[in-house]
Amino acid sequence: MKLNDAQISEFHDRGYVFLPEVFSADEVGVLTAELEGIFCQDRPENFREKNGKSVRTTFAAHTFNDAFERLGRHPRLVEPVMQLLGGPVYMHQFKINAKAAFDGDVWQWHQDFGTWARDDLMPEPRAMNIAVFLDDVTEFNGPLMFIPGSHKDGKLEAGHDLETTSYPLWTLDKETVARLVDAGGLVAPKGKAGSVLLFHCNLVHCSPANLSPWSRTIVYLSLCHVDNHIRQFKRPEWIAHRDFTAIDVLPDDCLLTLARERLTPA
Ligand code: SIN
Ligand code: MN
């Protein structure tokens with residue numbers, strides 16, 4: 001899948017592009033059918049909220065689950081990023097953010113490149129997220145909030161927040177966020193399950209807690225140009241990957257063929 005010229009200029013101008021319903025309900029179903037079986041596992045990749053129960057993030061599910069492995073090589077996700085980054089990409093990080101009903105905690109104001117540069121020594125902001133909604137995202141269940149255009153300010157000063165949530169993050173101070181919002185405003189892209197959100201790694205974003213009875217599961221592929229691979233291996237391999245092999249994309253119907261293979265007796 002390729003972005004058109006209008007989408008490319010929107011990305012450069014605003015720092016993100018929202019693509020409604022890129023994946024069908026059947027394709028989303030192939031992925032959501034796996035979630036319970038992943039979240040109930042006792043493994044380090046399942047990072048829990050402060051309550052110690054609900055999964056906050058599952059890292060690297062593409063390395064241990066067939067359906068997510070296919071999503072990590074899906075042409076509708078990988079090709080637009082290759083197009084914007086101008087070449088082959090590898091998977092820097094892969095995460096399923098559950099943002100569980102009632103229990104899903106905040107993600108503080110941050111830039112992803114802030115963490116990738118400081119913790120992993122990623123040289124340049126030649127990487128980005130492409131996210132897939134596995135639930136409908138509404139104003140109630142903790143949507144992402146973006147400051148349009150904030151990616152143009154480059155990597156901003158940040159502090160390492162080890163306390164607010166269970167997950168350490170390089171976060172921005174209130175004055176910086178207020179200044180950027182004053183200039184760019186705020187948006188919270190919402191839409192049906194299967195929608196895709198692509199955003200620049202310097203775009204300033206956060207998400208509020210989910211106090212609603214509806215979960216807000218979003219999968220993030222953080223893709224990096226192969227020449228721009230990380231130089232420091234401080235974080236576990238399943239958080240910041242060390243395999244810099246270019247992703248080889250699968251056929252467009254790879255999720256549906258997996259569903260069919262499962263129905264066909266061996
Ligand atoms: C993130 O910014 O890395 C996650 C935010 C979210 O899933 O709400
Ligand atoms: Mn982020």
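The values are calculated or read from the model by the stated rules, or taken from the named source; none is laboratory data. Since the model is a prediction, treat every value here as computed from it, not as a measurement. Note that each Cβ is placed from the backbone with ideal geometry, even for glycine, and that neighbours are counted across all protein chains shown. Quick note on the areas: whole protein, heavy atoms, side chains included, nothing else; ligands and nucleic acids left out. Shrake-Rupley method; radii C 1.70, N 1.55, O 1.52, S 1.80 Å.
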For Lys95, the aspartates and glutamates lying under 12 Å Cα to Cα, once residues fewer than eight places off in the same chain are dropped, come out as Glu45, Glu69
Relative to the Cα centre, what is the charge dipole magnitude of the chain, using +1 at the beta carbon of each Lys and Arg, -1 at the beta carbon of each Asp and Glu, and rounding to the nearest 20 debye?
280
About its Cα centre, how strong a charge dipole does the stretch 21-111 have in debye, to the nearest 20, once Lys and Arg get +1 and Asp and Glu get -1 at the Cβ?
340
How large is the accessible surface per residue of the chain, computed with a 1.4 Å probe and reported in Å² as a whole number?
43
Projected onto the charge dipole of the stretch 5-263 (unit charges on the beta-carbon of Lys, Arg, Asp and Glu, signs +1, +1, -1, -1), the Cα from Gln7, Val226, Ala60 with the largest positive-side position is that of Ala60
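Write down Rg/Rh for the chain, rounded to two decimals, with Rg from the C-alpha atoms and Rh from the Kirkwood relation over Cα pairs. Numbers along the way, then the final one.
Values: Rg = 17.4 Å, Rh = 18.6 Å.
Dividing the radius of gyration by the Kirkwood radius yields 0.94.
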Using a Gaussian network model of the chain with C-alpha springs under 10 Å, which one of Thr115, Thr32, Thr245 is most mobile by mean-square fluctuation?
Thr245
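Mean separation of Cα pairs under 8 Å and 6+ residues apart, divided by the residue count of the stretch 5-263: what relative contact order is that in percent? Working shown, then result.
Values: 570 pairs, mean separation 88.3, N = 259.
That works out to 34 percent.
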Links that overshoot a 29 Å alpha carbon limit, given the list Lys2/Lys50; Lys53/Lys190; Lys192/Lys234; Lys53/Lys155; Lys155/Lys192; Lys50/Lys152
Lys2/Lys50; Lys192/Lys234; Lys53/Lys155; Lys155/Lys192; Lys50/Lys152
Roughly speaking, to the nearest percent, how much of the stretch 5-263's 1.4 Å accessible area is carbon and sulfur?
53
How much of the pair distance distribution for the stretch 82-168 lies past 19 Å, counting alpha-carbon pairs only, in percent?
52
Cα-based Rg (one decimal) and Dmax (whole number) for the stretch 140-192, in Å?
12.8, 34
Give the residue list of chymotrypsin sites (Phe, Trp or Tyr not before Pro) in the stretch 1-103 that are DSSP loop and have at most 14 other beta-carbon atoms within 10 angstrom.
Phe64, Phe102
